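This report concerns only the one structure given below.
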Amino acid sequence: MTGLADQRQHHWDDVYTRKTTQELTWYQPHAANSLRLIRQSGIGKDAAIIDVGGGASTLVDDLLHEGYTKLTVLDVSPTGLAASRERLGESASRVKWIEADITVVALPEQAFDLWHDRALFHFLTDPNDRTAYVVAMRRAVKTGGSVVLATFAESGPKKCSGLEIVRYRPETLQAELGNAFVLREHFAEDHRTPGGATQPFLYCLFQKRTH
């Protein structure tokens with residue numbers, strides 16, 4: 001990893017070490033809105049799905065339960081990934097786990113039918129990091145494939161887990177992804193944190209253009 005990637009790993013390992021998974025502000029027992037958009041994308045149960053920044057998210061549990069068979073979880077924090085593997089037990093062997101920083105990782109080309117990210121992209125405050133992220137996405141998502149992206153909305157918090165974030169509306173998120181992707185749907189979610197706070201999120205479903 002690069003020096004910045006090492007810093008990110010250290011930061012998120014520390015976050016996962018100081019709190020249990022259920023105490024993390026972004027924790028959801030079930031990722032209902034992510035699942036809704038994944039179903040709406042129309043992909044089959046044998047489609048290749050990557051959860052970017054998945055860490056200790058329970059989305060992978062629900063996807064396995066629903067019968068999806070080609071799952072990859074990527075996160076910069078080995079501690080977060082370890083929490084998911086421990087929670088899943090024997091089922092963890094049915095998932096591919098990638099410990100990497102999404103801004104520097106080399107993912108295979110045209111590898112995934114669906115790219116999912118809830119609450120990673122809004123931490124990329126450096127435009128160069130956002131560009132690297134989108135380049136990785138454009139390379140890894142199949143032509144005609146889907147992207148489910150959830151970030152803090154414009155009325156969301158300005159910081160999370162001790163870090164500055166970038167807040168989005170549908171138009172600004174579309175601008176970040178560029179012409180290679182078209183926005184198919186968007187909606188808002190008021191996420192209730194384990195501590196009782198409300199965090200406004202924006203959920204978007206994009207499709208990679210076929211031409």
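General remarks:
- Considering only the range 98-211, percent of DSSP beta bridges that pair antiparallel, nearest 5: 75 percent
- Only DSSP H runs of four or more residues enter the estimate; each adds -39500 (n - 2.57), and after division by the residues of the chain the mean residue ellipticity at 222 nm equals -9500 deg cm²/dmol.
- Percent carbon-and-sulfur accessible area, the chain, ignoring ligands, DNA and RNA, probe 1.4 Å: 48 percent
- Förster-model FRET efficiency, 22 Å R0, Thr193 and Arg167, C-beta, rounded to 0.05: 0.85
- The H on the amide N of His191, modeled in the peptide plane, is under 5 Å from the matching H of Gln199, Phe201, each at least 5 residues off or on a different chain.
- Dimensions of the chain from C-alpha coordinates, computed as largest minus smallest value along each principal axis and given longest first, are 46, 39, 35 Å.
- Top of Ala150, Ala106, Ala56 by mean-square fluctuation, Gaussian network on the chain, Cα under 10 Å: Ala106
- Surface per residue (accessible, 1.4 Å probe) for the chain, Å²: 46 Å²
- Using only side-chain charges placed at the Cβ, +1 for Lys and Arg and -1 for Asp and Glu, the dipole size of the range 121-195 relative to its Cα centre rounds to 200 debye.
- Here the chain carries DSSP beta bridges of which approximately 50% are antiparallel, counting only pairs with both residues inside.
- Spatial extent of the range 48-110: Rg and Dmax, with the Cα atoms as the point set, Å: 11.1, 31
- For the range 95-210, relative contact order (Cα pairs under 8 Å, six or more residues apart, normalised by length) works out to 28 percent.
- Accessible-area value, Glu189, 1.4 Å probe, nucleic acids and ligands omitted, Å²: 30 Å²
- Per-residue HN-Hα couplings for the range 71-80 [Karplus 6.51, -1.76, 1.60; θ = phi - 60°; Hz; x = Gly/Pro]: 10, 10, 10, 10, 7, 6, 9, x, 5, x
- In order along the range 15-21, the Karplus-derived 3J(HN,Hα) couplings, from 6.51 cos²θ - 1.76 cosθ + 1.60 at θ = phi - 60°, round to 4, 5, 6, 6, 10, 6, 4 Hz, and Gly and Pro are given as x.
- The relative contact order of the chain comes to 20 percent, based on Cα pairs under 8 Å that sit 6 or more residues apart.
- Partner aspartates and glutamates for Lys70 [C-alpha distance under 18 Å; skip if fewer than 8 residues away on the same chain]: Asp46, Asp51, Asp61, Asp62, Glu90, Glu99, Glu109, Asp113, Asp117
- FRET efficiency for the Glu154 to Arg36 pair, using the beta carbon distance and R₀ = 25 Å, is estimated at 0.70.
The values are calculated or read from the model by the stated rules, or taken from the named source; none is laboratory data. Remember, it's a predicted structure, so these values are computed and weren't measured experimentally. FYI the Cβ positions are ideal-geometry reconstructions off the backbone, even for glycines, and counts take in every protein chain you see. When the accessible area is computed, the model is the full protein with side chains, heavy atoms only, and any ligands, DNA or RNA have been set aside. Shrake-Rupley method; radii C 1.70, N 1.55, O 1.52, S 1.80 Å.
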